[in-house]
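Written below as structure tokens is the structure these notes are about.
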């Protein structure tokens, strides 16, 4: 039991152990809930709920009623669970800290400007969500859940995700890293 607690308190887990655990969790989620992982739709569910509060007549359309209904969905529960799990993990490992600029590498390359970092995060998240919509799912929905089902689209997405990540890193950081 102490080995398990020590492992849970570790700041980094083996990617092989984490990947195997994620695969098993995906299979169990499918078996017991009859649902696959997917978190990007949660933002639309939350956005629809906000739209219903702010402008109910605008929220009463085909998209909010049938494609991405507003409300507390399985995706919203998953999003909350991921946040709480990450928080619990950082608290257990003793690595939790409040930061306004994420890491030293960012500061060295782009400077310590908080507004620049937050604006980059905000617009990057918008692009990521837009890309998830085009691809038909996010990393959890398309890559993980699609991979569990051996869907060809999942493996195309994973290849494209890594290729675009490498290209983006080369464009942003050049030969500095």
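The values are calculated or read from the model by the stated rules, or taken from the named source; none is laboratory data. All of these numbers come straight from a predicted model, not from anything done at the bench. Neighbour counts run over all protein chains shown; Cβ positions are idealised from the backbone, glycine included.
Structure data summary
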read-out	value
The range 143-177: number of residues that are in contact (Cβ under 8 Å) with a residue 60 or more places away in the chain and either in the same structural domain as residue 24 (by TED's automatic domain parsing) or under 14 Å from the mean Cα position of the chain (by Cα) (or both)	2
Extreme residue, nearest to the chain's Cα centre (by Cα), among residues of the range 90-111 that are in a helix (DSSP H, G or I) and under 23 Å from residue 8 (Cα atoms)	90
Selection count where residues are at pLDDT below 80, surrounded by 16 or more Cβ atoms within 10 Å (Cβ to Cβ) and over 18 Å from the mean Cα position of the chain (by Cα), scope the range 13-67	2
Complete set of residues in the range 121-146 that are surrounded by 15 or more Cβ atoms within 10 Å (Cβ to Cβ) and over 15 Å from residue 162 (Cα atoms)	129, 137, 141, 145, 146
Candidate set: the range 11-40, residues that are outside any helix (DSSP H, G or I) and in contact (Cβ under 8 Å) with a residue 24 or more places away in the chain; chosen: the one farthest from residue 129 (Cα to Cα)	11
Single residue of the range 90-106 satisfying the filter (free of Cβ contacts under 8 Å to residues at least 12 places away in the same chain and in contact with a helix residue (DSSP H, G or I) (Cβ under 9 Å, 6 or more places away or on another chain)) that is nearest to residue 132 (Cα to Cα)	106
Members of the range 96-107 found to be surrounded by 12 or more Cβ atoms within 10 Å (Cβ to Cβ) and more than 28 Å from residue 20 (Cβ to Cβ), listed by number	101, 106, 107
